[in-house]
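Scroll down for the structure; my scribbles are underneath it.
The values are calculated or read from the model by the stated rules, or taken from the named source; none is laboratory data. Computed from a predicted structure; not experimentally measured. Cβ placement follows ideal geometry from the backbone for every residue including glycine, while neighbour counts extend to all protein chains displayed.
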Amino acid sequence: MSLGPPLGLGSGLLWGTGDFVGGLQSRRQAPRVVALWSQVAGGLVLLGVLASLPSHRPALAGVAWGVLGGLGGGGALLLFYRGLAEGAMSIVAPVSACGAVVPVAVAFARGTPPGLPATIGIAATVAGVVLVSRPARGRRHAGGAPLRVVAMALGAAIGFGFFFVCVDAGSAVPGGSPLWVVAGARAGSLTSMLAIALAARRSVPWPGRGIWAVALAGVLDTVANVLFAYATTMGNLGVVGVLGSLYPITTVLLARFLLAERLSGVQITGVALALTGVALLGAG
């Protein structure tokens, strides 16, 4: 069995956990503060790992692909946290998860479409994500104009999808290392965030006591990025891209068990459908 699907699934689980932690913090502090300092924390951990490994000259093309993906991913993360801060998670999560369509489209364009079971699994998984992320009946959108929130989530989806494709391309470079590709992505994301903060003339203060939660979100995000980068070298991009985009289900389930949020019948159906899709993706 290929390790691509399990690693892709692991990235989705960690992204969802990190988003849950970062989403909570983005309602207590400015989203740009959470996004930037979480990326700094994750970057420092990654640098420590790279420094502990035997010296290895990275493939510059692979790092460049990572930087390019990070430039888009950094802006996407800012939009995502801003959406979580202003609107309902049930609106932001499913729309941002639609970024999975980008790597699927690229896989088909390359002439390497997933097999039939995996194709059915992709449809089932995406449908499950959408159902799980639907708000319970009678629950109103909390804060922010819906169109504004949807626009931010769409921007995040495009950025995340672009990031998936760039990480895959960087990891496929001859002599390229997924760890160095992710390091390049982290440098790119920090660059884009700082540029946006400077352009908006806004400071990014130290998060204070919230640094531990912010750092946790960043470390989880970084580990998820590394898992996804390795997954792309071992499996079909369309398949691992969809598995990585399962993060809304993780976030919703954490909210259910840690915040006592109840799942509706539709959301329970979505969980079952998504799990079925995961099984088909692993078989395909």
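Of all residues in the range 188-246, those satisfying the criterion of being within 30 Å of VAL173 (Cβ to Cβ) and aromatic (Phe, Trp, Tyr) are PHE228, TYR230. Within the range 54-67, being free of Cβ contacts under 8 Å to residues at least 40 places away in the same chain and surrounded by 10 or more Cβ atoms within 10 Å (Cβ to Cβ) holds for one residue alone: LEU60. Pairs under 9 Å by beta carbon, first residue touching a residue at least 24 places away in the same chain (Cβ under 8 Å) and part of a helix (DSSP H, G or I) in the range 189-211, partner surrounded by 10 or more Cβ atoms within 10 Å (Cβ to Cβ) and of a type in the set (Lys, Arg), six or more apart or different chains? Pairs that qualify, where the first residue is touching a residue at least 24 places away in the same chain (Cβ under 8 Å) and part of a helix (DSSP H, G or I) and the partner is surrounded by 10 or more Cβ atoms within 10 Å (Cβ to Cβ) and of a type in the set (Lys, Arg), are MET193/ARG32; ILE196/ARG32; ILE196/ARG202; ALA197/ARG32; GLY210/ARG28.
Annotation note: of LEU84, LEU71, the sole residue that is more than 19 Å from THR233 (Cα to Cα) and modelled with pLDDT of 90 or more is LEU71.
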